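Presented below is the structure to which this report refers.
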Amino acid sequence: MKLNFSIIIPVYNRPNEIDELLESFIKQDFSDAYEIIIVEDGSDNSSEEIVDKYTSNLNIKYYYKENSGAGMSRNFGMERATGNYFIILDSDVILPNTYLSSVKKALIQNFTDAFGGPDKAHESFTPLQKAINYSMTSVFTTGGIRGKKKSVGKFQPRSFNMGISKEAFDTTKGFNHYKVGEDIDLSFRLWGEGYETQLISDAYVYHKRRTSIKQFFKQTFSFGTARPELNRRFPSTKKITFWFPSVFILGLDLFLILAIFGYWQFLICYVLYFVVLFLDSLLQNKSIKVAYLSIITTLTQFYGYGLGFLKSFLFKSSE
């Protein structure tokens with residue numbers, strides 16, 4: 001089919017991010033017509049003035065609605081879209097100039113009703129942003145599930161960078177009301193309806209993640225709490241690997257206690273792991289500071305996700 005893209009972008013109190021993202025659309029090496037739908041999710045700090053700067057150069061529709069969360073805002077945008085294939089982006093990403101052409105090329109070569117793309121760190125990012133990106137994407141931390149490698153089984157698109165056909169949206173009704181894990185939930189329901197997903201490696205975005213260590217912990221804690229809930233809704237998707245962060249932090253805590261009593265040998269495996277992590281981040285980012293911060297962000301990620309997972313596993317959410 002002829003692809004007609006509608007870009008869906010929810011935003012909440014982040015006009016500066018929308019400014020950078022729309023600027024990156026201006027630079028796309030893509031000649032086909034497409035529309036951009038900005039959904040302001042009940043923000044106090046509106047993006048409308050920023051959006052107005054780009055209306056002469058981009059086909060933009062702007063909507064303001066009451067706050068309902070990102071998933072419902074994405075559905076709101078897709079319900080009003082005129083295209084037959086929706087591309088969903090978070091407001092804190094920046095596109096390389098080949099993004100849209102890479103998506104089109106991949107879908108023409110191998111059409112699927114949904115896709116996901118990876119995220120990378122731009123050279124202009126702060127050391128902390130680069131370290132968080134490393135922890136979220138490295139094979140040594142997340143096993144490549146966010147697109148670092150192709151051999152990850154059936155790919156689960158993430159909502160910061162994904163696409164879904166209008167047909168698949170109409171069938172599944174899009175995102176559920178869940179505040180966390182709604183993109184994985186959608187992937188499982190797509191598969192249940194017989195739709196295929198794929199990773200488009202070249203359709204990467206620069207994911208800026210304007211966050212602190214404290215905010216990163218809260219974010220990964222939320223990710224952890226979502227996984228047992230997803231396991232309850234989709235029992236066939238359970239994997240032993242989901243327990244790894246929890247086992248990691250419990251083992252580290254136990255071995256630290258043993259080290260106090262002189263049994264430091266048990267910590268050697270953790271020391272070796274963090275040495276490998278440091279060297280890999282140093283090789284990728286060419287920065288000792290980023291490599292050092294990568295250890296801190298990885299610990300933050302494991303403790304956040306691991307504790308969130310344990311909490312949700314032991315105490316079922318009321319959601």
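The values are calculated or read from the model by the stated rules, or taken from the named source; none is laboratory data. Computed from a prediction, not measured in an experiment: that's the story for all the values here. Every residue, glycine as well, gets a Cβ built from its backbone with ideal geometry; the counts of neighbours run over all protein chains shown. The area values use the complete protein model at the heavy-atom level, side chains included, leaving out ligands, DNA and RNA. Shrake-Rupley method; radii C 1.70, N 1.55, O 1.52, S 1.80 Å.
Of S47, S31, all but one fail to be surrounded by fewer than 19 Cβ atoms within 10 Å (Cβ to Cβ) and within 23 Å of V205 (Cα to Cα); the exception is S31.
One residue is enough: does segment 277-288 have a residue meeting the conditions open to solvent by 80 Å² or more (accessible area, probe 1.4 Å), part of a loop (DSSP other than H, G, I, E, B) and within 20 Å of D185 (Cα to Cα)? Looking for residues that are open to solvent by 80 Å² or more (accessible area, probe 1.4 Å), part of a loop (DSSP other than H, G, I, E, B) and within 20 Å of D185 (Cα to Cα), one finds none in segment 277-288, hence no. Listed by position, the strands (runs of 3 or more DSSP E) enclosed by segment 51-126 that each have at least 3 residues that are modelled with pLDDT of 95 or more and surrounded by fewer than 21 Cβ atoms within 10 Å (Cβ to Cβ) are 60-65. L199 falls short on exactly one of the conditions (1) within 16 Å of L293 (Cβ to Cβ); (2) under 14 Å from the mean Cα position of the chain (by Cα), and that condition is (1).
Conditions (1) under 25 Å from L293 (Cα atoms); (2) among the basic types (K, R); (3) more than 15 Å from the chain's Cα centre (by Cα), marked per residue:
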site	(1), (2), (3)
G69	no, no, yes
S102	no, no, yes
F125	yes, no, yes
Q129	yes, no, no
F140	yes, no, yes
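Can you find even one residue in segment 299-306 that is out of contact with any helix residue (DSSP H, G or I) (no Cβ under 6 Å at 6 or more places or on another chain) and either in contact (Cβ under 8 Å) with a residue 60 or more places away in the chain or more than 16 Å from S135 (Cβ to Cβ) (or both)? No, segment 299-306 contains no residue that is out of contact with any helix residue (DSSP H, G or I) (no Cβ under 6 Å at 6 or more places or on another chain) and either in contact (Cβ under 8 Å) with a residue 60 or more places away in the chain or more than 16 Å from S135 (Cβ to Cβ) (or both).
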